[in-house]
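The values are calculated or read from the model by the stated rules, or taken from the named source; none is laboratory data. Just so we're clear, the structure is a prediction, and the values are computed from it rather than from any experiment. So basically every Cβ, Gly included, is an ideal-geometry build from the backbone, and we count neighbours across all protein chains shown. Heavy atoms of the whole protein, side chains included, go into the accessibility calculation; ligands, DNA and RNA do not. Shrake-Rupley method; radii C 1.70, N 1.55, O 1.52, S 1.80 Å.
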Amino acid sequence: MHELSLCRSIAGIVRRAAGGRFVAVVELDVGALRQVVPATLQHCWGVVARDADLAGSRLVIRHIPGVLVCGDCGAETQLTDLPILRCGSCASPSVDLVSGEEFMVTAIQVEDDHGAFPSPR
């Protein structure tokens, strides 16, 4: 279960960015090819986020599909089930993977000194 290790790393990133403020929401992009089980990641976040600065915070996961772009015909193919790295249009193996490998914290919502969320810039 590498999700626990991933959540510990996410917590470290979030704590540094939050600067001691209470964290309400952590937004995360997870690519389809990352072999991460979202339900397990959510569960592990609950375990890791028990400390005061992260207690009660929510992990919001945005799933990023695997997408290929064909070097021969230019078609985009979204991967489904087992990744077959060929163009879905012309079956060429000359493809570039353009999404699906993401794993990054994209945003955090923290409370300011008054307990309210700062307005977006």
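Quick one: in segment 1-18, of everything that is free of Cβ contacts under 8 Å to residues at least 60 places away in the same chain and of a type in the set (Gly, Ala, Ser), which residue is least open to solvent (accessible area, probe 1.4 Å)?
ALA11
In this structure, does GLY100 turn out to be at positive phi and either open to solvent by less than 50 Å² (accessible area, probe 1.4 Å) or β-branched (Val, Ile, Thr) (or both)?
yes
Output the residue which, of all residues in segment 19-28 that are within 10 Å of the chain's Cα centre (by Cα) and crowded, with 17+ Cβ neighbours inside 10 Å, is farthest from ARG50 (Cα to Cα). Break it down stepwise before answering.
Taking segment 19-28 as the starting set, the residues that turn out to be within 10 Å of the chain's Cα centre (by Cα) are 26-28.
Next, from what is left, pick out any that are crowded, with 17+ Cβ neighbours inside 10 Å: 26, 28.
Numbers: VAL26: 14, LEU28: 19 Å.
Among them, the one singled out is LEU28.
Take ALA49 and decide whether it is surrounded by 14 or more Cβ atoms within 10 Å (Cβ to Cβ) and more than 30 Å from GLU111 (Cβ to Cβ).
Answer is no for this residue.
Checking ARG58 against (1) free of Cβ contacts under 8 Å to residues at least 60 places away in the same chain; (2) within 21 Å of VAL95 (Cα to Cα), which test does it fail?
Result: ARG58 passes all but (2).
Which of the numbered conditions does SER89 fail, given that it passes all the others? Conditions: (1) over 20 Å from the mean Cα position of the chain (by Cα); (2) under 30 Å from GLU111 (Cβ atoms); (3) hydroxyl-bearing (Ser, Thr, Tyr).
Of everything listed in (1) over 20 Å from the mean Cα position of the chain (by Cα); (2) under 30 Å from GLU111 (Cβ atoms); (3) hydroxyl-bearing (Ser, Thr, Tyr), SER89 misses just condition (2).
If I filter segment 32-45 down to residues being at pLDDT 95 or above and open to solvent by less than 70 Å² (accessible area, probe 1.4 Å), which single residue comes out as nearest to the chain's Cα centre (by Cα)?
Here the answer is LEU41.
Looking at segment 69-84, which of the residues that are of a type outside the set (Asp, Glu) and touching a Cys at 6+ places or on another chain (Cβ under 7 Å) is surrounded by the fewest Cβ atoms within 10 Å (Cβ to Cβ)?
Ranking the qualifying residues of segment 69-84, first place goes to CYS73.
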